[in-house]
Amino acid sequence: MNKKEFEAIAAVKRRKINFSEENVKPYILPSPLLRENDSRITSVAEFEDSGRKRLLGLFEKNMYGRIMPPPDRLSFKVVSEDANALNGIAVRKEIEIFCRMSNGCSKTFTMLLYLPKMNYPVPCFLGLNFYSNAGCTSEKSVALTSNPQYHRKPGIWIPEPATATTRGKQAACWDFENIVRKGFASATIYYFDLFPDGPEWFGDSIYRLFKLPSNWNSPERDFGAIGAWAWGLMRGVDCLASLAEIDSGKIIVHGHSRLGKTALLAGAYDSRISMVIANCSGCCGAALTRRNFGENLEWILHYQPHWFVPKLNDFIDKESELPFDQHSLISLIAPRPVYISSATEDPNADPRGEFLATFAAGEVYHLYGDSGLSNDVMPPPDTPVGSFRVKYHIRTGPHGLTHWNWIQYLDFAENYFSSLRSQ
Ligand code: GCU
């Protein structure tokens, strides 16, 4: 398909996207606590024994695919260190994460890490980034990426590849100085280094370690890009957990937009992740699919077929037949804390759907004794609401991750970890 044909199809699909509350049809959310035989899970033990596994299996089969196991061999190497980073307040490290399989295949990517200069071990934020590690900081000596560069393909929207022009491009979104001043470390990995974001790049992704080229475009493909990015976060956790400076019981995974979807998935799978923050994660992130408001399955699968398993196509215009909705993904993070956030000028991500999913995830948090969001009335802008473990806000402004967002996330994390200390 050339660019023109692709756009013509997209234009038809765009007209079908619903941006009116009045057009949201009544729906019933499948309970994350209902078994296949319609009996109900009523205890933490039952949820941990079978409920969790059943839900993960449903997401795996119908949406994100399987998450690959760790590589046969994993090693870490500090390739640069600056003891006086961020004007002297931080230690900066670039750490190569080297994955090797016994069949000889390997893949290397780099984690950028800022550490405060005190009180080790410290809690640590970990998130993937859009424009290479160097795009997250104005510090000029950070490497762009050790992997090949990628280019736009006609018809497919791809973020700019990492080049010198991307240096510092998203430094404001990372807020490293404030995070470090609060006594947290912050780490990031470039998402293209795990899976360059296009349907034609399975072969350059981590799947080259695990899968054959004949699998890439098979209608039975049971893996996808979001699963690859989540896998990368898990390798980031492996690396952080090996460092004496990091408190491995306090690793907070966060992500914005498609990387917010990824953070939720990684958090659902990996219990070593002790807190999850999903910022403007939208369709197939925190937003309820059944509301069919803003971006929908048809649209996302046209633009991003590689993010999901092909089976998700079966639910276009049949969203109510999905055996789950996104509140169940959030509920898989329980009892660990989760923060879901939206922005007022981001209708595409369906802020109300993100809020209602966070509320509905409360059903599982209640099992663990947390009250979740207290009601389903959407809070006014810029007003975080929720419990000790479940928080939500809608920020005034467009789709994005801002300093104001970080103030809320730092408060949430500080509050949670400090009460753990006093228990
Ligand atoms: C696109 C995509 C969204 C996604 C966003 C982003 O708009 O359709 O689902 O969240 O990109 O990642 O920026």
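Things worth noting here:
- Summed residue charge, Cβ within 11 Å of C239's Cβ, Lys/Arg positive, Asp/Glu negative: +1
- Packing, taken as the mean count of other beta carbons within 10 Å per residue, orders the peptides 58-67, 24-33 from highest to lowest as 58-67, 24-33.
- Computed log₁₀ I(q)/I(0) - Debye formula, equal Cα scatterers, no solvent, the chain, q 0.06, 0.09, 0.14 Å⁻¹: -0.22, -0.52, -1.37
- Packing order of peptides 315-326, 3-14, highest average first: 315-326, 3-14 (average count of other Cβ atoms within 10 Å over each peptide's residues).
- When each of the peptides 91-98, 72-79 is scored by how many other beta carbons lie within 10 Å of its residues on average, the order from highest to lowest is 91-98, 72-79.
- The mean accessible area for residues of the chain, using a 1.4 Å probe and ignoring ligands and nucleic acids, is 39 Å² per residue.
- Per-selection Rg to Rh, region 71-136 - Cα, Kirkwood hydrodynamic radius: 1.04
- The chain: most fluctuating residue of Y392, Y409, Y150 per GNM, C-alpha cutoff 10 Å: Y150
- DSSP beta bridges in the chain [antiparallel fraction, %, rounded to 5]: 50 percent
- Mean separation of Cα contacts under 8 Å (6+ apart) over length of the chain, as relative contact order %: 16 percent
- Surface composition of the chain: carbon and sulfur make up 53 percent of the accessible area, probe 1.4 Å.
- The simple spin-label model puts a point 7 Å past each Cα toward its Cβ; for V24 and S102 those points are separated by 5.1 nm.
- Chain lengthening between S387 and E36 when straightened (0.36 nm per residue, less Cα-Cα): 123.3 nm
The values are calculated or read from the model by the stated rules, or taken from the named source; none is laboratory data. Quantities reported herein were computed from a predicted structural model and do not represent experimental measurements. For neighbour counting, all protein chains shown are included, and Cβ atoms are generated from backbone atoms with ideal geometry for every residue, glycine included. The area values use the complete protein model at the heavy-atom level, side chains included, leaving out ligands, DNA and RNA. Shrake-Rupley method; radii C 1.70, N 1.55, O 1.52, S 1.80 Å.
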